[in-house]
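Peer 1: Quick one: the structure is below, questions incoming.
The values are calculated or read from the model by the stated rules, or taken from the named source; none is laboratory data. What you see is a predicted model; the values in this text were computed from it and never measured. Here Cβ is always computed from backbone atoms with ideal geometry, including for glycine, and neighbour counts include all displayed protein chains.
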Amino acid sequence: MIGKLDSRIPSGPIEDKWTQCKFENKLVAPANRRKHKVLIVGTGLAGASAAASMAEQGYQVKVFTYHDSPRRAHSIAAQGGINAAKNYQNDGDSIRRLFYDTVKGGDFRAREANVYRLAELSVNIIDQCVAQGVPFAREYGGTLTNRSFGGAQVSRTFYARGQTGQQLLIGAYSALMRQVGIGAAELFTRTEMLDLIVIDGKARGIVTRNLVTGKLETHLGDAVVLATGGYGNVFYLSTNAKKSNATAAWRAYKRGALFANPCYTQIHPTCIPVSGDHQSKLTLMSESLRNDGRVWVPKKQGDKRPAAQIPVEERDYFLERIYPSFGNLAPRDIASRAAKRMCDEGRGVGPSGQSVYLDFTDAINRLGAETVAARYDNLFAMYEKITDENPYKVPMRIYPAVHYVMGGLWVDYHLMSNVPGLFVLGEANFSDHGANRLGASALMQGLADGYFVAPYTVGNYIASEKQPVIRDDHEIVRSTLAGVKAANDKLKSIGGKTPAETFHKRLGKIMWDKCGMARTDAGLKQAATEIAALKKDFWNDLLLPGDSSTLNSELEHASRLADFIELGELMCRDALERKESCGGHFREEAQTAEGEAKRDDANFCHVAAWEYQGDGKPALRHQEELKFENVKLAERNYK
Amino acid sequence: MKLHLRVWRQAGPEKPGKFVDYDLDGISPDMSFLEMLDTLNLKLVRQGEEAVEFEHDCREGICGSCSMMIDGNPHGPDRGTATCQLHMRRFADGATIHVEPWRAKPFPIIRDLTVDRSALDRIIAKGGFISVNTGNAPEANTTLIGRDLAEAAFEGAACIGCGACVAACKNASASLFTSAKISHLAKVPQGHPERKHRVQAMVAQMDAEGFGSCSNTGACEAACPKEIKLENIAEMNREWARSFFVRE
């Protein structure tokens with residue numbers, strides 16, 4: 001069992017902590033950096049930016065992705081934008097305000113010091129990306145422009161049309177490819193991490209599978225950096241890319257890394273509603289649409305008239321009504337739950353009654369269709385392709401969907417897990433967003449972690465540790481490799497009748513119904529029973545055709561699903577133990593008279609960090625108390 | 001909907017490939033093309049057969065993974081649409097549909113519909129970047145870029161690296177892909193210091209990978225899911241010629 005969790009937050013006032021940390025860090029001299037090897041898993045914003053930056057510093061960098069190219073990582077799909085406290089709009093923004101908004105947006109369940117650093121570094125990110133040639137939107141005078149996003153009353157979101165994630169990732173990817181081109185970083189594509197090698201309690205390497213040849217290999221180094229994204233696909237249907245998975249993080253958990261707040265998931269309010277059983281994924285419509293779109297449902301239950309025939313006085317613009325000061329830009333968790341309440345009251349629209357309108361009629365009348373098109377045309381076109389409805393003519397229909405996870409591997413201020421030498425960046429860690437992430441903050445965190453935090457803190461770790469040389473024939477390296485082979489063989493040997501896809505859908509339904517937007521004590525207990533049964537069926541009846549020595553997407557899916565099932569169990573357990581509501585975690589037992597989330601600061605103002613205890617044994621729950629010295633703990637109010 | 005599919009199956013790079021016929025029933029017109037293939041794969045797996053390997057990930061038209069010829073068109077019949085955004089309502093009930101991988105020598109087939117497009121990454125690695133180490137950047141607003149210029153740079157930057165342009169080209173030229181990056185970085189002032197080296201190095205790598213020459217037929221532009229314009233190639237050619245006459 002591990003000892004007390006040490007978050008290693010530097011002393012001193014919050015404004016000086018990062019400066020202090022950097023000053024206290026030990027350094028590796030430039031000529032010595034080439035002697036040290038860093039293994040970076042994942043090439044999204046966090047992984048690509050960390051790999052590029054550490055290769056520039058002179059470390060030997062090996063970087064891994066299961067995609068055919070680093071540029072395919074799911075960061076590419078982020079639409080709306082990236083926050084930064086530049087105050088270019090002269091509207092009273094500051095590092096302190098971005099810090100405050102993020103802590104409050106996270107419903108006071110994030111670590112203050114980490115969030116402050118994030119806000120502080122946000123301004124450097126914009127500088128770096130512009131220098132790389134990222135084509136952010138601009139004013140006629142040539143300066144950068146901004147738009148507004150949920151949970152903020154200032155305009156601080158930088159964007160590149162509706163493709164901000166793509167442009168930022170291409171920036172980080174090109175920086176990485178520059179290092180690959182000059183031989184400073186070694187790139188392994190179509191290579192999936194399947195285990196973490198821990199020797200003398202420290203992360204020293206990884207086991208990978210070449211997805212084309214099936215060959216298992218080991219890679220050893222001084223530190224391992226996981227930037228492997230989130231686990232939203234545990235719900236089967238989510239806005240995540242199809243291959244996004246929890247495997248790297250989960251296998252690190254099974255090697256001793258703590259998993260923090262797994263139940264904190266973000267349900268995004270504006271997604272295209274489910275159209276049928278064949279649905280393979282859900283598509284997000286950027287939050288930026290809520291700048292101009294108005295969300296409404298009919299006042300009457302079961303009103304089946306087309307939207308245009310419902311007079312204004314018979315419409316309920318419920319976000320504007322309930323949250324007048326933030327209106328349609330209420331934070332994601334709040335807006336999602338409000339939409340769910342409307343549908344639960346029988347006022348939902350569309351064939352299934354499981355959607356609400358996002359209406360641009362007023363914006364088109366006020367600004368003209370051309371201006372609206374300039375802002376959102378690519379999103380409108382995407383909506384029309386999927387639904388066959390033209391949002392210039394009929395209001396969009398939207399419904400909440402799983403989008404992001406705030407939970408992830410536990411890390412300290414250095415972004416190092418409790419396993420020394422294992423660093424976790426971006427969505428894969430738990431650190432900055434508390435129980436709810438604000439829009440346009442995921443890109444900010446991925447790039448802050450990768451460009452500006454890890455290159456300092458990983459260097460400090462390397463300088464502080466004297467590592468013995470490990471070779472491939474080390475007993476633990478060999479046994480870890482053998483374990484991965486045995487696990488793959490076990491999947492292959494089941495010889496059942498049910499494909500992985502079927503099990504995945506079944507898991508998704510359990511999670512969405514019982515550990516989704518609303519959770520109850522009875523429901524979560526029921527989910528645990530159902531997942532246990534699912535797990536048993538999976539290991540008895542999985543059908544897995546094909547060979548493990550060639551490209552075999554069925555094997556990849558089954559291997560990832562095995563981890564999702566175990567993670568689902570832990571998420572339900574975490575949700576059950578956290579008897580309060582906070583941010584995206586809504587326990588029906590804990591709500592105010594108006595149906596808002598009711599926190600319990602006396603008992604739950606902490607991070608829950610779970611320790612693996614072995615197969616079939618319940619995980620052990622640790623707590624890291626959260627102290628709020630700069631932001632007053634208050635009821636989160638957007639009214 | 002009922003469909004008759006003819007799908008290219010190939011076990012590996014050196015193995016022979018062939019079209020295999022599959023009949024599908026009960027396809028919803030609201031399915032995406034990839035969801036239709038998911039349905040096929042589920043059926044195959046249930047019969048204990050190997051699934052058709054195809055590339056996909058975001059299914060929102062932005063990651064650039066999906067890569068298949070549908071009835072001879074890269075990404076299928078619709079303009080400005082990646083395969084994942086193509087829906088079955090675009091096909092007639094009872095249609096026969098041919099599905100093949102990208103065909104180009106620099107994109108060797110790995111398995112079924114999956115090809116190796118790493119040649120495109122190697123072109124980027126030669127010069128598709130601005131050399132600015134982390135921490136070196138000046139304050140963002142010290143670089144002023146007019147709105148129109150920023151928009152024009154975006155047009156090239158929007159490339160998703162799918163390789164449809166190569167697949168569409170009778171010469172298997174990667175000119176549209178390469179020129180989109182060159183043109184993006186030549187337009188913004190941050191890209192100017194390396195203009196000369198960039199265009200020469202990227203064009204040399206494009207040739208070294210075995211991509212063919214551009215003969216200006218415009219098939220690439222017609223196939224591009226991001227509707228990247230042929231003018232980028234003209235701009236690349238200008239940049240290339242310029243690089244031999246301008247001292248920097």
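Peer 1: (1) modelled with pLDDT under 95; (2) over 15 Å from the mean Cα position of the chain (by Cα): which one isn't true of B:Glu60, the others all being true?
Peer 2: Of (1) modelled with pLDDT under 95; (2) over 15 Å from the mean Cα position of the chain (by Cα), only one is false for B:Glu60: (2).
Peer 1: Being surrounded by fewer than 24 Cβ atoms within 10 Å (Cβ to Cβ) and out of contact with any Gly (no Cβ under 8 Å at 6 or more places or on another chain) is true for just one of B:Ala201, B:Ala208. Which residue is that?
Peer 2: Numbers: B:Ala201 fails: out of contact with any Gly (no Cβ under 8 Å at 6 or more places or on another chain).
When all the criteria are applied, what remains is B:Ala208.
Peer 1: I've got another one for you. Would you confirm whether or not the stretch B:134-152 contains a residue that is more than 7 Å from chain A (Cβ to nearest Cβ), within 24 Å of the chain's Cα centre (by Cα) and surrounded by fewer than 23 Cβ atoms within 10 Å (Cβ to Cβ)?
Peer 2: yes
Peer 1: Right, another one. With respect to B:Pro106, determine if the residue is outside any helix (DSSP H, G or I) and within 7 Å of chain A (Cβ to nearest Cβ). Please lay out each step first, then the result.
Peer 2: Details: outside any helix (DSSP H, G or I): yes; within 7 Å of chain A (Cβ to nearest Cβ): no.
Judged against the criteria, B:Pro106 is not a match.
Peer 1: Turning to a different aspect of this structure: Would you check if B:Ile160 is within 13 Å of the chain's Cα centre (by Cα), within 14 Å of chain A (Cβ to nearest Cβ) and not polar (S, T, N, Q)? Break it down into steps so the answer makes sense when it comes.
Peer 2: Details: within 13 Å of the chain's Cα centre (by Cα): yes; within 14 Å of chain A (Cβ to nearest Cβ): yes; not polar (S, T, N, Q): yes.
Criteria met by B:Ile160.
Peer 1: Pull up the stretch A:209-235, narrow it to residues that are buried (at least 24 other Cβ atoms within 10 Å of the Cβ) and of a type in the set (Ser, Thr, Tyr), then point me to the one that is nearest to B:Asp116 (Cα to Cα). Break it down into steps so the answer makes sense when it comes.
Peer 2: Here is the first cut: in the stretch A:209-235, the ones buried (at least 24 other Cβ atoms within 10 Å of the Cβ) are A:209, A:221, A:223-235.
Then keep just the ones that are of a type in the set (Ser, Thr, Tyr); that gives A:228, A:231.
Numbers: A:Thr228: 23, A:Tyr231: 27 Å.
So, considering only residues that are buried (at least 24 other Cβ atoms within 10 Å of the Cβ) and of a type in the set (Ser, Thr, Tyr), the one nearest to B:Asp116 (Cα to Cα) is A:Thr228.
Peer 1: Of everything in the stretch A:362-398 that's part of a loop (DSSP other than H, G, I, E, B) and of a type in the set (D, E, K, R), which residue is farthest from A:Cys515 (Cα to Cα)?
Peer 2: First, the residues of the stretch A:362-398 that are part of a loop (DSSP other than H, G, I, E, B): A:368, A:388-395.
If we keep only those that are of a type in the set (D, E, K, R) as well, we get A:388-389, A:393.
Details: A:Asp388: 32, A:Glu389: 32, A:Lys393: 36 Å.
This residue is A:Lys393.
Results for (1) over 12 Å from B:Ile130 (Cβ atoms); (2) in a helix (DSSP H, G or I), shown as yes or no for each residue.
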site	(1), (2)
B:Leu176	yes, yes
B:Gln190	no, yes
B:Gln200	yes, yes
B:Met206	yes, yes
B:Gly210	yes, no
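Peer 1: Could you tell me which of the residues A:Ala454, A:Ala401, A:Ala435 is in contact with a strand residue (DSSP E or B) (Cβ under 7 Å, 6 or more places away or on another chain), in a loop (DSSP other than H, G, I, E, B) and crowded, with 24+ Cβ neighbours inside 10 Å? Walk me through how you get there before you give the answer.
Peer 2: On the way: A:Ala454 fails: in a loop (DSSP other than H, G, I, E, B); A:Ala401 fails: in a loop (DSSP other than H, G, I, E, B).
Exactly one of A:Ala454, A:Ala401, A:Ala435 is in contact with a strand residue (DSSP E or B) (Cβ under 7 Å, 6 or more places away or on another chain), in a loop (DSSP other than H, G, I, E, B) and crowded, with 24+ Cβ neighbours inside 10 Å, namely A:Ala435.
Peer 1: If I go through the stretch B:230-248 residue by residue, how many of them are over 12 Å from B:Ser173 (Cβ atoms), touching a Gly at 6+ places or on another chain (Cβ under 9 Å) and in a loop (DSSP other than H, G, I, E, B)?
Peer 2: Within the stretch B:230-248, the first condition is being over 12 Å from B:Ser173 (Cβ atoms), and the residues that meet it are B:231-232, B:234-235, B:237-248.
Of the ones still in play, those that are also touching a Gly at 6+ places or on another chain (Cβ under 9 Å) are B:232, B:235.
Applying the additional criterion that residues be in a loop (DSSP other than H, G, I, E, B) yields none.
Summing the residues that are over 12 Å from B:Ser173 (Cβ atoms), touching a Gly at 6+ places or on another chain (Cβ under 9 Å) and in a loop (DSSP other than H, G, I, E, B) in the stretch B:230-248 gives 0.
Peer 1: Moving on to the next point. For the stretch B:62-75, which residues satisfy the criterion of being in contact with a helix residue (DSSP H, G or I) (Cβ under 6 Å, 6 or more places away or on another chain), of a type outside the set (A, V, I, L, M) and more than 7 Å from chain A (Cβ to nearest Cβ)?
Peer 2: Passing the criteria: B:Cys66, B:Pro74, B:His75.
Peer 1: Select from the stretch A:195-207 the residues that are surrounded by fewer than 23 Cβ atoms within 10 Å (Cβ to Cβ) and not β-branched (Val, Ile, Thr) and write down the one among them that is nearest to A:His474 (Cα to Cα). Even if it seems obvious, please write down each step before you answer.
Peer 2: Within the stretch A:195-207, the first condition is being surrounded by fewer than 23 Cβ atoms within 10 Å (Cβ to Cβ), and the residues that meet it are A:198-202, A:207.
From the residues that got through so far, the ones that are not β-branched (Val, Ile, Thr) too are A:200-202.
Details: A:Asp200: 12, A:Gly201: 15, A:Lys202: 14 Å.
Going through the qualifying residues, I end up with A:Asp200.
Peer 1: Within the stretch A:318-361, track down each residue that is of a type in the set (D, E, K, R), surrounded by fewer than 20 Cβ atoms within 10 Å (Cβ to Cβ) and part of a loop (DSSP other than H, G, I, E, B). Walk me through how you get there before you give the answer.
Peer 2: Initial filter on the stretch A:318-361 (of a type in the set (D, E, K, R)): A:320-321, A:332-333, A:337, A:340-341, A:344-345, A:347, A:359.
Pick out the ones that are also surrounded by fewer than 20 Cβ atoms within 10 Å (Cβ to Cβ) and you get A:320-321, A:341, A:344-345.
The answer is A:Glu345, and nothing else.
Peer 1: Which members of the stretch A:50-99 meet the condition of being closer than 28 Å to A:Leu211 by Cβ, more than 10 Å from every other protein chain (Cβ to nearest Cβ) and charged (D, E, K, R)?
Peer 2: Passing the criteria: only A:Lys62.
Here is a yes/no grid of residues against (1) more than 7 Å from every other protein chain (Cβ to nearest Cβ); (2) not in a loop (DSSP other than H, G, I, E, B):
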site: B:Lys15; (1), (2): yes, no
site: B:Pro29; (1), (2): yes, no
site: B:Glu35; (1), (2): no, yes
site: B:Asp38; (1), (2): no, yes
site: B:Glu53; (1), (2): no, no
site: B:Arg59; (1), (2): no, no
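Peer 1: Could you tell me which numbered condition A:Ser288 fails, if it satisfies all but one of (1) in a helix (DSSP H, G or I); (2) more than 28 Å from A:Arg636 (Cα to Cα)?
Peer 2: (2)
Peer 1: Please go through the stretch A:546-598 and pick out each residue that is among the aliphatic types (A, V, I, L, M) and over 23 Å from A:Lys254 (Cβ atoms).
Peer 2: So the first thing to find is which residues in the stretch A:546-598 are among the aliphatic types (A, V, I, L, M), and the list is A:551, A:555, A:558, A:561-562, A:565, A:567, A:570-571, A:575-576, A:590, A:593, A:597.
Within the stretch A:546-598, A:Leu551, A:Ala590, A:Ala593, A:Ala597 meet the criteria.
A quick yes/no check of all residues on (1) modelled with pLDDT of 95 or more; (2) crowded, with 20+ Cβ neighbours inside 10 Å; (3) closer than 18 Å to A:Tyr451 by Cα:
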residue: A:Lys4; (1), (2), (3): no, no, no
residue: A:Leu27; (1), (2), (3): yes, no, yes
residue: A:Val38; (1), (2), (3): yes, yes, yes
residue: A:Gly80; (1), (2), (3): no, yes, no
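Peer 1: Now for a separate question. State which residue is farthest from B:Ser243 (Cα to Cα) when the search covers only the stretch B:185-219 and only residues that are in contact (Cβ under 8 Å) with a residue 40 or more places away in the chain and among the β-branched types (Val, Ile, Thr).
Peer 2: B:Thr217
Peer 1: Starting from the stretch A:236-252, keep only residues that are more than 13 Å from B:Arg59 (Cβ to Cβ) and more than 8 Å from every other protein chain (Cβ to nearest Cβ), then list their pairs with residues that are small (Gly, Ala, Ser) and surrounded by fewer than 23 Cβ atoms within 10 Å (Cβ to Cβ) whose Cβ atoms are within a distance under 6 Å, requiring at least 6 positions of separation or different chains.
Peer 2: If the second residue must be small (Gly, Ala, Ser) and surrounded by fewer than 23 Cβ atoms within 10 Å (Cβ to Cβ), the pairs left are A:Tyr236/A:Gly508.
Peer 1: Being surrounded by 23 or more Cβ atoms within 10 Å (Cβ to Cβ) and among the β-branched types (Val, Ile, Thr) is the filter here, so list the residues in the stretch A:152-170 that pass it.
Peer 2: A:Thr157, A:Thr164, A:Ile170
Peer 1: Search the stretch A:118-151 for residues being among the β-branched types (Val, Ile, Thr) and assigned to a helix (DSSP H, G or I), and hand back the single one that is surrounded by the most Cβ atoms within 10 Å (Cβ to Cβ). Give the derivation first.
Peer 2: Pass one, the stretch A:118-151, residues among the β-branched types (Val, Ile, Thr): A:123, A:125-126, A:130, A:134, A:143, A:145.
Pick out the ones that are also assigned to a helix (DSSP H, G or I) and you get A:123, A:125-126, A:130.
Details: A:Val123: 17, A:Ile125: 28, A:Ile126: 25, A:Val130: 25.
Once the filter is applied, the top-ranked residue is A:Ile125.
Peer 1: Hey, another quick one. Mind listing whichever residues of the stretch A:528-563 are part of a helix (DSSP H, G or I) and of a type in the set (A, V, I, L, M, F, W, C)?
Peer 2: Quick first cut of the stretch A:528-563, residues part of a helix (DSSP H, G or I) only: A:528-541, A:553-563.
Passing the criteria: A:Ala528, A:Ile531, A:Ala532, A:Ala533, A:Leu534, A:Phe538, A:Trp539, A:Leu555, A:Ala558, A:Leu561, A:Ala562.
Peer 1: Tell me yes or no: at least one residue of the stretch B:76-94 is surrounded by fewer than 22 Cβ atoms within 10 Å (Cβ to Cβ), more than 8 Å from chain A (Cβ to nearest Cβ), among the aromatic types (Phe, Trp, Tyr) and in contact (Cβ under 8 Å) with a residue 60 or more places away in the chain.
Peer 2: yes
Peer 1: Would you check if B:Ser65 is of a type in the set (Ser, Thr, Tyr), in the same structural domain as B:Pro13 (by TED's automatic domain parsing), modelled with pLDDT of 95 or more and in a loop (DSSP other than H, G, I, E, B)? Before the answer, list the steps.
Peer 2: Working: of a type in the set (Ser, Thr, Tyr): yes; in the same structural domain as B:Pro13 (by TED's automatic domain parsing): yes; modelled with pLDDT of 95 or more: yes; in a loop (DSSP other than H, G, I, E, B): yes.
Yes, satisfied.
Peer 1: Given the conditions (1) more than 16 Å from B:Asn232 (Cα to Cα); (2) in contact (Cβ under 8 Å) with a residue 60 or more places away in the chain; (3) crowded, with 24+ Cβ neighbours inside 10 Å, and given that B:Phe129 satisfies all but one, which numbered condition is not satisfied?
Peer 2: Only one criterion is unmet by B:Phe129, namely (2).
Peer 1: How many residues are touching a Leu at 6+ places or on another chain (Cβ under 7 Å) and more than 8 Å from chain A (Cβ to nearest Cβ) if we restrict to the stretch B:40-49?
Peer 2: So the count comes out to 1.
Peer 1: Pull up the stretch A:152-193, narrow it to residues that are hydrophobic (A, V, I, L, M, F, W, C) and in a loop (DSSP other than H, G, I, E, B), then point me to the one that is nearest to the other protein chains (Cβ to nearest Cβ). Even if it seems obvious, please write down each step before you answer.
Peer 2: First, pick out the residues of the stretch A:152-193 that are hydrophobic (A, V, I, L, M, F, W, C): A:152, A:154, A:158, A:160, A:168-170, A:172, A:175-177, A:180, A:182, A:184-185, A:187-188, A:193.
Now narrow it down to the ones that are in a loop (DSSP other than H, G, I, E, B): A:152, A:154, A:160, A:182, A:184.
Details: A:Ala152: 19, A:Val154: 17, A:Ala160: 7, A:Ile182: 8, A:Ala184: 11 Å.
Here the answer is A:Ala160.
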